[in-house]
Every structure is written in C-alpha cells, then in structure tokens.
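Reviewing the structure listed below.
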Amino acid sequence: MAFSLASIRSDFPALHQEVHPGKKLVYLDSAATALKPQSVIDAVVSIYAQDCANVHRGVHALSQRATARVEAARDLVQHFIGAEAREEVVFTRGTTDAINLVAQTWGRANLKAGDEVLVAELDHHSNIVSWQLVCEATGATLKPIPMNDRGEVTVEAFEACLSDKTKVCAFPQVSNSLGTLLPIRQMIELAHSRGAITLVDGAQGIVHSRVNVQELGADFYTFSAHKLYGPTGIGVLYGKRALLEAMPPWQGGGDMIDRVRFEGSTYNDLPFKFEAGTPHIAGVVGLGAAIEYLNALDLDAALQHEADVHAYAIEALETVDGLTLLGKGARQASVLSFVLEGVHPTDAGSLLDARGIAIRTGHHCAQPVMDHFGITGTARASLAIYSGRDDIDALVDGLKRACRMLRR
Amino acid sequence: MTEERTAADYEAKLEELAEAFEFLDDWEDRYEMLIELGDELQPMPGALKTDATKVKGCLSQVWVYGSREGETMRYVADSDAHIVRGLVALVMMMFDARSAEAVANVDAKAWLTRLGLDQHLSPGRSNGLHSMIQRVQAIAAG
C-alpha cells in the first residue's frame, strides 16, 4: 500500500479549517492531543445516536450492542499492544489515571519505609507526583533517574540507581518535553534482575512506534487514547495478569463487585475489578475505532513518513537564528522542543498562533526538566502521521518573523 | 522615567488603541501593537518583583504592585514576555490612576471585547489576564 499524505489528511476534518480569517490551521501540537479521523468521530456519535445504553447488565438490544462494541474495543487494544489476554486490558480515564491506579493499589499494598521507587528526572508530572504521593503515604523513598544534557537516560545511569531497595521503576517510553526515547527494554530487564517491577508510561511512545508489551516484558504499560487519534477521557492500563489479580481494587462502585454485603464485599474478575461505575462507553468505542483506523493503514509507511518530516524539521529549524533544540538523544521521537535566544516561548507561541500555527509553550508538565536546563519553558512542535513538510515550512517562516518582531 | 499618566490620558490612549485595532484584521499586526504598547510601560523596580507581587496562573512571569496615593490607586507591573507586557500595559490603562471605587467598577470585559481580546479574559487562559485583573482589584479592595 503506497503512503499518501493527501489521503491521510483528508481523513482528519479538523485539519481543514481557518483558525483566524485567512489563516489555515497548521497543527503542530499532536503531542498534546492528536486530531481525530472521521471514523473515530463517527464511532463516538453512533454510540449516542444509535447504541445508547449502559453496558454489561442490560438484556435489551441496545445494551447488548453497546456492550459488544466496548468489549470488541478491548480485544482491539489487546492485539494492538500484544497483550497475552484481554483481561489484562483495563480501561482508565487516561495515562495519569492508570499510573495513579497502580500507585494507589500495588504501591500502597507493597511499599514500605526503606523501599525505593525510581522515576525519571525527565518524567511527566503525572508519573512523578503519583509516586510521590504513595511514597509520602508509605514511607518509601522517591529517587530520580538522572538524564544527561542531551536529554537521554542511559542504561548506565539507570543501573547506578538500582539497588536491592528498589521496588518500582516507573518511566516514560518517550520524554514528552524533549522527545528522547528511553532504552526501556534494557531498563525493564535490569529492573527485573533486581526484583523490581516496572511501569512504562507509553503516552508519547505508542504514537510513534509499534508496541508489544510481551516482548518488552513491562509489568505495566499505560497510554491515553487521545494522543493516539482517539477521544479524550479514556486510556488503558495494561498489567500482567498475576499482578493485577493480586492487587486490591481502587475505586469502589458498580461493575467492579461480585457480591455486596455490609459485612464485606467480594469483587468482580479482571478487568472489571478496576472499572468501577459506568465506563466511558463512547470513549472506549472511539479508542477501538482509532486502532481500527491505524490497523487499516500501512502503519509502518505512515510512521516512516512522520520520521522523514521529523528529519526535515530538524534541518529546517537549524536555519532559525538563535534557536537551540533540546533533546538531542541518539534516538528521538518527532517532538521538537526548543528555545529561542531573546524570545520568550509564549511570545513565539502567540505570534505563531496569529498565523494559524498551533504549537505548545511552557514547561510541558516537566518542571524538573526545565530546572535541569535552567529555563522556565520551551516551545514544542510535535508531529503526527498527518504532518507534512508544508507545516514545517510555515513554522520556520513564522519563527523567523517572530524573532524579527521580538528581538528589537 | 516616562511621565506619570492621568486617568484621562489612559482613557484617550485606550480609545486610540481600540480605533487602531478596528483597522487591523491580522493578529500579527495587533500583537505588534501590543508589543509596542509594552515598551511604554512605567519601569517596575527590580526590588518590587518579589514572590508576593508575582501573579500566579501565567505561563510567563507577571508582577503587579499597587499602592494608594491619597484617593488614587497607583500600579506598576511587568512581565518577562513581550505580548504579555502589552497586556499588562492594557491593564494599567484600564486601572491605574483611578480611585479604589473606580478600580472595582471598571468594565474590563467591555474594553477587551472592543479590542477583540475578550477571549483572552477567560479563567485558565495561560496569559494570566484574568489573574492580573483580579490582583489589581484585590489590591484596591485592600
């Protein structure tokens, strides 16, 4: 199947709009949230327009249709990430929710004073703070895995942090603020060799590469649908069955119980034990549609195209005076984080917006990264499979103009 | 030091700005004007840029300091980002050199709507315009 950028772009209605009079959208903020293909939008609408019912308990036709679509989405996720069983796929509100679930259940049940939890210096706040909270509650110690000035976590640096006290190693697959890839396969192996469990935050990783959780060997893997062309408010916690089974439930409510008595309740089987209350039905179905969309593409060709645009962007950005790219690892995802000499990132972001160009500015929920580089924020342009060279040309032109306006 | 402005000076300047904005349909040009506006701000002494004067909720750093001179509120404010400094200048034009009572009653939304900047006013916007105005009014309320 040949890759056609025009054909991909025609699948994403949000791309085809003017954001200000005469200014067509140039969307370079896909690491914050990816745009949605029409098929995802249609799937979400059809849940409310046709199969509008609660799931798992109804005997009527609508409920059965909605239930079938939710559970079909679980199968799609299972195969997309290479999980061994569908029961290992738990739907959450997103990556943050999934990390909190593990921290609050596995963490509270297993951590004690003297134990150590490793997170990455380049981590997103969601991973840092979720574990910080459970460390404060249990007396365990939170330790950052340092990065070097290229924004890399090396295997050696990680190994130096490990000890017999290490119980959990939680880190991202890809840094959201710098775009660097972490050597997660080796990190997981090393952690396991010291008896620690691992959680990989795949929010930025699953978007730019194929993932197989069994090959990786991760104990937990989390991601959000909305960065993978799906709806907001829905995400996935993958966990190895034995770990999930041993974990106590987190939130109580309907669907997660087996038998409720005032003397004590028993809980439902996996994955429902962790899915209290009515699920985000439209979100789950939208996530399923996003995976179907990717499955129907030549995904390898699409990811290669994205990597080509990324390489083009690195060269093009070098032509902007006083621009410094942060995140210069040997392996980078298509997230371009940079600072401009004498230009505040928010000014650059506003002036680009005036041209219809959407980028992200600020600390990207990674303040320790900003502290590492002694800055308060960066400008970040991030790509997706629908990004093209034209987007990069518009960005570079806009940045050059912004620099002329702001450096006076 | 730029000359100390009166409420009447500010009103005239705001009026001028609103008319100029009506002729600009390109946001880049409007931002350019805002940046120029920021250049005219009264300089804020470094000693007044403290944690206490810092306004939370802005992506850039913003400081607002206010004091009472008789019946009149006097403000100085600054930001480390140019466009936000322009917004700071706008806030000064709307609130500086007024009585505490007038500060409480300024219809900022009306001005910003005329300037096409009203969407910048919603809470949670990263430029912090909302927080800045809240701070200015809180200072006047004592």
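Residue by residue, segment B:71-84 carries 3J(HN,Hα) couplings of 8, 9, 7, 10, 10, 10, 7, 7, 9, 8, 10, 5, 5, 5 Hz when phi is fed to the Karplus relation 6.51 cos²θ - 1.76 cosθ + 1.60 (θ = phi - 60°); x denotes Gly or Pro. The mean number of partner chain beta-carbon atoms within 10 angstrom of a residue's beta-carbon across peptide B:19-28 is 3. Averaged over peptide B:31-37, the number of partner chain Cβ atoms lying within 10 Å of each residue's Cβ comes to 3.
With a/c under 1.5 counting as rounded, go ahead and sort chain B into rounded, prolate or oblate using the C-alpha gyration tensor (a ≥ b ≥ c being the square roots of the eigenvalues; past the cut-off, prolate if a/b is larger than b/c, else oblate). It comes out rounded by the Cα gyration axes. Taking the Cα centre of each part, how many Å lie between segment A:198-238 and segment A:364-398? Centre-to-centre distance over Cα atoms comes out at 22 Å. Among the trypsin sites (Lys or Arg not before Pro) in segment B:16-110, those placed in a DSSP loop whose Cβ has at most 11 other Cβ atoms within 10 Å are B:LYS56. How would you classify segment A:304-408 from its alpha-carbon gyration tensor, with a ≥ b ≥ c the square roots of the eigenvalues: rounded for a/c under 1.5, else prolate if a/b is greater than b/c, otherwise oblate? Because a/c hits 1.5 or more and a/b fails to exceed b/c, segment A:304-408 counts as oblate.
Restricting attention to chain A, close to 55% of DSSP beta bridges with both partner residues there are antiparallel. Peptide packing for A:226-239, A:355-368 was compared via the average number of neighbouring C-beta atoms within 10 Å per residue; ordered from the highest value, the list is A:226-239, A:355-368. Across the accessible surface of segment A:42-295, with the other protein chains kept in place and a 1.4 Å probe, carbon and sulfur atoms take up 51 percent.
Peptide B:77-86 has a mean of 5 when you count, residue by residue, the C-beta atoms of other protein chains within 10 Å of its C-beta.
Between chain A and chain B, roughly 1500 Å² of accessible surface gets buried, counting both sides and using a 1.4 Å probe. Classification of chain A by its C-alpha gyration tensor yields an oblate form. The axis ratio a/c (a ≥ b ≥ c) is 1.5 or more, and b/c is at least a/b. Among the chymotrypsin sites (Phe, Trp or Tyr not before Pro) in segment A:1-61, none sits in a DSSP loop with a Cβ that has at most 12 other Cβ atoms within 10 Å.
Among A:SER265, A:SER30, A:SER177, the residue with the largest mean-square fluctuation in a Gaussian network model of chain A, with springs joining Cα atoms closer than 10 Å, is A:SER265. Pick from A:ALA242, A:ALA31, A:ALA196 the residue whose mean-square fluctuation is largest in a GNM of chain A, springs joining Cα atoms under 10 Å. Checking each option, the largest mean-square fluctuation is seen for A:ALA242.
Could you check which residue among A:ILE257, A:ILE184, A:ILE99 shows the biggest mean-square fluctuation in a GNM of chain A with a 10 Å Cα cutoff? Looking only at A:ILE257, A:ILE184, A:ILE99, the biggest GNM fluctuation is shown by A:ILE257. With 40 Å² as the minimum drop in accessible area between chain alone and full protein complex (1.4 Å probe), the qualifying residues in segment B:46-64 are B:LEU59.
The values are calculated or read from the model by the stated rules, or taken from the named source; none is laboratory data. For clarity, every value in this text was computed on a predicted model and none was experimentally measured. As a convention, Cβ positions derive from the backbone with ideal geometry for all residues, glycine included, and neighbour counts pool all protein chains shown. Accessible surface areas use protein heavy atoms only, side chains included; no ligands, DNA or RNA. Shrake-Rupley method; radii C 1.70, N 1.55, O 1.52, S 1.80 Å.
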